Every structure is written in structure tokens, then in C-alpha cells.
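One structure is given below, encoded as C-alpha cells.
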Amino acid sequence: MYERITPPTIGEKITFKEGEPIVPDMPIIPFIRGDGTGVDIWPAAQAVFDAAVAAAYGTQRRIVWFKVYAGDEACEQYGQYQYLPEDTLQAIKDFGMAIKGPLTTPVGGGIRSLNVALRQINDLYACVRPCKYYAGTPSPHKSPDKLDVIVYRENTEDIYLGIEWKMGDPTCDRLIKLLNEDLIPGTPEHGKKQIRLDSGIGIKPISKFGTQRLVRRAMKHALRLPKDKQQVTLVHKGNIMKYTEGAFRDWGYELATSEFRDECVTERESWVLSNKEANPDISIEDNARKVEPGYDSLTAEKKAEACQEVEDILNSIWETHGNGQWKDKVMVNDRIADSIFQQIQTRPDEYSILATMNLNGDYLSDAAAAIVGGLGMGPGANIGDTCAIFEATHGTAPKHAGLDRINPGSVILSGVMMLEYMGWQEAADLIKKGLGAAISNREVTYDLARMMEPKVDTPLKCSEFAQAIIKHFDD
Ligand SMILES: NC(=O)C1=CN([C@@H]2O[C@H](COP(=O)(O)OP(=O)(O)OC[C@H]3O[C@@H](n4cnc5c(N)ncnc54)[C@H](OP(=O)(O)O)[C@@H]3O)[C@@H](O)[C@H]2O)C=CC1
Ligand SMILES: O=C(O)CCC(=O)C(=O)O
Ligand SMILES: [Mg+2]
């Protein structure tokens with residue numbers, strides 16, 4: 001059934017029930033080594049995973065690895081331009097889970113991202129990237145320990161759908177003509193705007209379906225967190241892109257307040273409720289005045305809307321959420337995208353789950369990883385309802401490829417996410433313990449070594465760092 005790969009003859013498949021994996025004791029898990037530094041980080045990471053599973057479960061459990069190909073390695077095996085062979089896609093589909101190293105995407109022309117393709121083909125709609133501090137990790141930030149966020153990035157649409165046309169392409173010219181001569185003049189709010197003829201065009205689709213299934217998953221995750229971390233922040237640039245990013249915010253709130261009504265409160269609702277809690281006799285209008293900035297300069301129509309909102313909130317949820325009950329519920333708020341970049345630095349402890357569209361989440365997850373120690377420490381998982389692929393946040397870091405020096409921490413922590421997803425918590429905990437102890441003991445790769453105070457003069461190699469993690473399982 002496969003052309004050039006043979007599945008292991010031992011082990012069993014992982015299956016899924018209602019979006020959750022059912023994991024046998026000897027699951028077969030396909031892996032993609034990755035391009036560039038994939039040659040360094042994958043063997044280091046695999047050694048850590050195997051050692052942790054053996055230490056946690058003895059001979060009772062074991063991962064049976066199944067090597068599949070993508071990127072440069074796939075071209076070597078399958079021929080020129082065979083970057084993502086059918087065998088690989090079939091194996092991931094058949095076995096339901098995979099872990100991968102980074103894959104190269106050229107800038108400008110050339111192939112489109114294999115990483116994005118794997119997410120879209122397998123409908124892995126949630127890209128989950130936790131950014132949490134490990135004690136002792138050097139950071140450019142003064143209080144990196146205060147950041148403990150999980151970026152929940154929509155993973156299948158937005159500009160990553162890759163529907164774009166190059167400047168000068170006849171279809172691009174046709175599209176610009178259609179927009180300039182028909183669609184833009186036909187939409188009064190666009191006035192006399194025109195697109196320059198020498199433009200490239202990209203399409204940014206954001207759907208209600210895509211938004212709501214992402215926010216649903218983020219809400220379910222929030223409910224599993226400790227009470228003080230039960231918060232979902234909808235990140236958007238809806239002031240500028242009203243019908244895509246603004247709609248993401250509105251659909252996010254709609255989902256939360258319909259499917260999770262008893263379990264959540266929005267930030268605005270909490271203001272209305274707390275105004276009444278502080279002053280039980282407050283009038284609807286005074287409450288609206290406190291909630292809506294610049295209330296007194298609003299038009300009569302807008303004032304009426306603000307008062308109606310207050311009245312609706314009090315009528316619908318005062319019984320269930322009032323008198324402080326809202327404090328035990330998942331807080332759903334929203335922040336404009338540029339603002340959240342400064343907020344995670346200036347007020348890191350105020351955030352928990354950051355639900356984002358695809359592009360914003362791509363930027364934000366690198367920025368948040370930098371605060372807790374850099375890209376070498378940023379894990380990630382791409383999760384769908386019948387498949388999951390785990391991968392580091394960073395790319396192929398080509399200048400370090402093959403030198404056995406890059407930090408394997410990110411793909412190792414992605415494996416920790418995989419083990420947790422499989423329910424193999426004991427093995428996951430061992431790795432976290434070993435990694436934390438290696439860092440505290442200043443046994444680190446070059447990237448962390450150069451930031452440590454005092455500086456670590458002899459950083460560990462990539463493979464040595466993996467061995468240091470394993471050594472510290474027994475601490
Ligand atoms: N999911 C994926 O497979 C991804 C693939 N990519 C692809 O990777 C390629 C290279 O992208 P590029 O923009 O250079 O970004 P990279 O993330 O590959 O590397 C940029 C820099 O980040 C630091 N860095 C990255 N990984 C690590 C690590 N494991 N340990 C320590 N430091 C690290 C290094 O900084 P320094 O040299 O200063 O130490 C490195 O030079 C591109 O083709 C891109 O499309 C990019 C992101 C994700
Ligand atoms: O696919 C790529 O090359 C880049 C992807 C990326 O930056 C990411 O997933 O964070
Ligand atoms: Mg990225």
C-alpha cells in the first residue's frame with residue numbers, strides 16, 4: 001500500500017474517538033526528520049523520548065517509530081521535486097499522529113510551505129504553542145517567569161491558504177480590473193479607492209466555522225486549567241480589518257457565550273456586573289456610562305444601544321453570574337494584535353490562552369518564545385479531530401545545520417506535548433524535570449549559554465544536551 005516505505009511489523013495504530021486519541025501500549029508513530037538542523041535535533045530528541053518512556057514504564061510501553069519522508073530527504077528518496085510524497089501523507093493519515101522536524105520554505109517563488117500543507121491536508125486546525133518559563137533559562141526579559149501563555153493559532157485559513165497572484169500575472173490583472181471597475185465602486189463604503197495596477201494580490205479568508213472550532217478548542221482547554229488561568233483572549237486587528245479580524249472577535253464571543261454560557265463571562269459583562277455589585281442601585285444609564293468610554297458624547301442612538309446592552313446583560317446573567325459568581329468562570333476578553341505584543345511584555349501575568357488567526361499567531365508565538373528563552377524553547381502541536389502533528393515553533397536554522405550545536409529543546413518539548421496528548425504524563429514529566437535540571441545546572445547549548453549570567457564558556461552540543469536531560473531524570 002506504500003510505494004517506498006514499510007511500516008514497522010510490531011506496534012499498533014493510534015485511533016481517535018470524539019476527537020480524543022486512544023493510545024495502545026506500543027503505538028506506531030511516524031516521524032519526519034526535517035531539513036537543515038533536523039539532522040541534529042531529531043536524533044537528539046528521539047533519544048530523550050525513548051529514554052523517558054523506558055524510565056517511566058519499563059518494558060510495558062514503547063513508541064515504535066516509523067520513518068517517513070518530507071522536504072530534502074523526500075527528494076533524495078522519491079526523486080526531484082517530490083517534497084511531500086503520497087506515502088508520507090498516507091502514513092500520517094493511517095497512523096493518526098506524527099512528529100516532525102522543521103522543513104524549508106523558500107521566500108518569494110518556489111514551493112509553498114510543506115509545513116502549512118501538512119496542517120491543511122490533515123485539517124489540523126489548532127496550532128497550540130505554549131510559552132512557559134523554565135527556571136534558570138536566560139531571557140532578555142526581566143521577569144520571564146511571569147509569562148505562561150498558550151498561543152492557540154487557527155491553522156488552516158487566513159493568508160496561509162496561499163491564494164495569491166503575482167504582480168503582472170494575467171489573472172492578477174483581471175482581478176484588479178474587476179475590483180477597480182466593478183466591486184469597489186459597487187461598495188459605497190470603499191469610496192473612490194483603487195488598487196495600483198502593479199500590485200500583487202493575496203486573499204485573506206476568515207470563516208465563522210474556522211474561527212469557532214478554534215475558539216471552541218481554546219475554551220475547552222481553558223476549562224482544564226487552574227482557576228486563575230481560565231482566560232481566553234481573542235487577538236485581532238479588527239479595528240482595521242473589520243470583516244475578517246473583527247469578525248474573528250465577534251464570532252469568538254458568539255461561540256463562547258452560546259456554547260459555554262454557564263462557564264464563561266466576557267470582560268464587558270464583568271464590568272456591568274461589578275458596577276451593580278459595587279452599587280446595587282446604579283441606574284442602567286450610569287452603568288452604561290461606566291462601561292462605554294465617552295458615553296456622554298455619543299449620539300442618542302448609540303447611548304440607547306449601550307443602555308440596551310447593559311439591560312440585556314443584567315436580565316440574562318445576573319442570576320447565574322452576579323454577586324461575584326462570574327469570578328469563577330472563564331474570562332473571555334479581546335485585545336488588538338499590536339497591543340498584545342506589548343502586553344505580553346509589560347503585563348505578562350495577565351494573560352493565559354491567546355486565541356489568534358493564523359498570521360497573528362505565527363508572529364506572536366515567536367515573540368512569546370523569545371521572552372521565555374528563545375526559539376530553542378518553543379514547542380508546538382498541530383491538532384485536528386482525527387490527527388495531530390507535533391513540531392517545533394522554529395525553522396530549519398540552516399546556518400547551524402549539521403554542526404551538532406543547535407538547541408533541540410523545542411522539538412523535545414513538542415514531544416512532551418505529544419506524550420501528554422497520548423496520556424503518557426509520567427514520561428512527559430520526566431523530560432520536563434530533566435530539561436529543567438539541565439538548565440538550572442547550566443548544562444545548555446550555545447543559544448542559552450551566550451545569554452547566561454555569568455556566561456557559560458563551554459556550551460554543550462545538541463546531542464550532549466539531550467544526554468544531560470536524560471541524566472537528570474534521576475535527580
Ligand atoms: N514549522 C517549520 O518547519 C518552520 C519552518 N521554517 C522555515 O525554516 C527556514 C529558516 O527560517 P528562519 O527564518 O531562518 O528561522 P529559523 O527559526 O529557522 O531560525 C532563525 C534563528 O532563530 C534561532 N533558532 C532557530 N531555531 C533554534 C534552535 N533550535 N535553537 C536555538 N536557536 C534557534 C537561530 O538564531 P541564532 O543564529 O541567532 O542563534 C536561527 O538562526 C525557512 O525556510 C522557513 O520557512 C520557519 C519556521 C517554522
Ligand atoms: O512553513 C514555514 O516555512 C514557516 C511556518 C512558520 O513560521 C510557523 O509555523 O511558525
Ligand atoms: Mg513561525
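Only one of the numbered conditions (1) within 21 Å of Trp326 (Cα to Cα); (2) in a helix (DSSP H, G or I) is not met by Pro280, and that is (2). The residues of region 80-109 that are within 26 Å of the chain's Cα centre (by Cα) and part of a helix (DSSP H, G or I), listed by number, are Thr88, Leu89, Gln90, Ala91, Ile92, Lys93, Asp94, Phe95. Taking the condition more than 16 Å from the chain's Cα centre (by Cα), within 13 Å of ligand 2 (Cβ to nearest atom), at pLDDT 95 or above and within 20 Å of Thr156 (Cβ to Cβ), does Leu124 pass? When the stated conditions are applied, Leu124 does not pass them. Met167 meets each of the listed conditions (1) more than 30 Å from Val332 (Cβ to Cβ); (2) touching an Asp or Glu at 6+ places or on another chain (Cβ under 7 Å); (3) surrounded by 15 or more Cβ atoms within 10 Å (Cβ to Cβ); (4) hydrophobic (A, V, I, L, M, F, W, C) apart from (3). Exactly one residue out of Gly434, Gly373, Gly415, Gly409 is more than 16 Å from ligand 3 (Cβ to nearest atom), outside the structural domain of Gly38 (by TED's automatic domain parsing) and not acidic (Asp, Glu): that is Gly373. Among the numbered conditions (1) on the phi > 0 side of the Ramachandran plot; (2) within 12 Å of ligand 1 (Cβ to nearest atom), tell me where Ala392 comes up short. (1) is the only condition that Ala392 fails.
Please work out if Gly136 is more than 29 Å from Gln212 (Cβ to Cβ), in a loop (DSSP other than H, G, I, E, B) and not assigned by TED's automatic domain parsing to the domain that holds Ile63. It is true that Gly136 is more than 29 Å from Gln212 (Cβ to Cβ), in a loop (DSSP other than H, G, I, E, B) and not assigned by TED's automatic domain parsing to the domain that holds Ile63. Per the listing Ser463, Ser410, the residue uniquely within 23 Å of the chain's Cα centre (by Cα) and of a type in the set (S, T, N, Q) is Ser410. Where strands (runs of 3 or more DSSP E) fall wholly inside region 326-430, the ranges with 1 or more residues that are among the aliphatic types (A, V, I, L, M) and surrounded by fewer than 19 Cβ atoms within 10 Å (Cβ to Cβ) are 330-336.
Return yes or no: is Ile383 in contact (Cβ under 8 Å) with a residue 24 or more places away in the chain, away from ligand 3 (no atom under 16 Å from the Cβ) and under 26 Å from Thr105 (Cα atoms)? In short, yes. If you go through region 209-257 and pick out every residue that is hydroxyl-bearing (Ser, Thr, Tyr) and without any contact (Cβ under 8 Å) to a residue 40 or more places away in the chain, you end up with 1. Note on region 128-141: among residues that are within 13 Å of ligand 1 (Cβ to nearest atom) and out of contact with any Gly (no Cβ under 6 Å at 6 or more places or on another chain), the one that is modelled with the highest pLDDT is Pro138. When each of Gly246, Gly238 is tested for being closer than 29 Å to Leu223 by Cβ and part of a loop (DSSP other than H, G, I, E, B), the lone residue that passes is Gly238. Taking Gly436 as the residue in question, decide whether it is out of contact with any helix residue (DSSP H, G or I) (no Cβ under 6 Å at 6 or more places or on another chain), more than 16 Å from ligand 2 (Cβ to nearest atom) and on the phi < 0 side of the Ramachandran plot. Yes. Go through region 34-65 and give me each residue that's surrounded by fewer than 20 Cβ atoms within 10 Å (Cβ to Cβ) and either in contact with a strand residue (DSSP E or B) (Cβ under 8 Å, 6 or more places away or on another chain) or small (Gly, Ala, Ser) (or both). Of everything in region 34-65, those that are surrounded by fewer than 20 Cβ atoms within 10 Å (Cβ to Cβ) and either in contact with a strand residue (DSSP E or B) (Cβ under 8 Å, 6 or more places away or on another chain) or small (Gly, Ala, Ser) (or both) turn out to be Ala47, Ala54, Ala55, Ala56, Gly58, Val64, Trp65. Close Cβ contacts (under 6 Å, 6 or more residues apart or on different chains) running from residues in region 446-475 that are part of a helix (DSSP H, G or I) to residues that are among the hydroxyl-bearing types (Ser, Thr, Tyr) comprise Phe465/Thr445.
For the residues Ile206, Ile195, the requirement of being touching a residue at least 60 places away in the same chain (Cβ under 8 Å) and outside any helix (DSSP H, G or I) singles out Ile206. Mind listing just one residue for me: the one in region 347-398 that is hydroxyl-bearing (Ser, Thr, Tyr) and within 14 Å of ligand 2 (Cβ to nearest atom) and, of those, nearest to Pro130 (Cα to Cα)? Out of the qualifying residues, it is Ser365.
When region 296-317 is filtered for residues that are within 18 Å of Leu273 (Cβ to Cβ) and surrounded by 16 or more Cβ atoms within 10 Å (Cβ to Cβ), the ones remaining, listed by number, are Ala306, Cys307, Glu309, Val310, Ile313, Leu314, Ile317. Residue pairs whose Cβ atoms lie under 9 Å apart, sitting 6 or more positions apart in sequence or on different chains, and linking a residue in region 353-373 that is within 22 Å of Leu448 (Cβ to Cβ) and free of Cβ contacts under 8 Å to residues at least 60 places away in the same chain to a partner that is within 10 Å of ligand 2 (Cβ to nearest atom) and in a helix (DSSP H, G or I), are Asp366/Leu375.
The values are calculated or read from the model by the stated rules, or taken from the named source; none is laboratory data. Source: prediction; values computed, not measured. For neighbour counting, all protein chains shown are included, and Cβ atoms are generated from backbone atoms with ideal geometry for every residue, glycine included.
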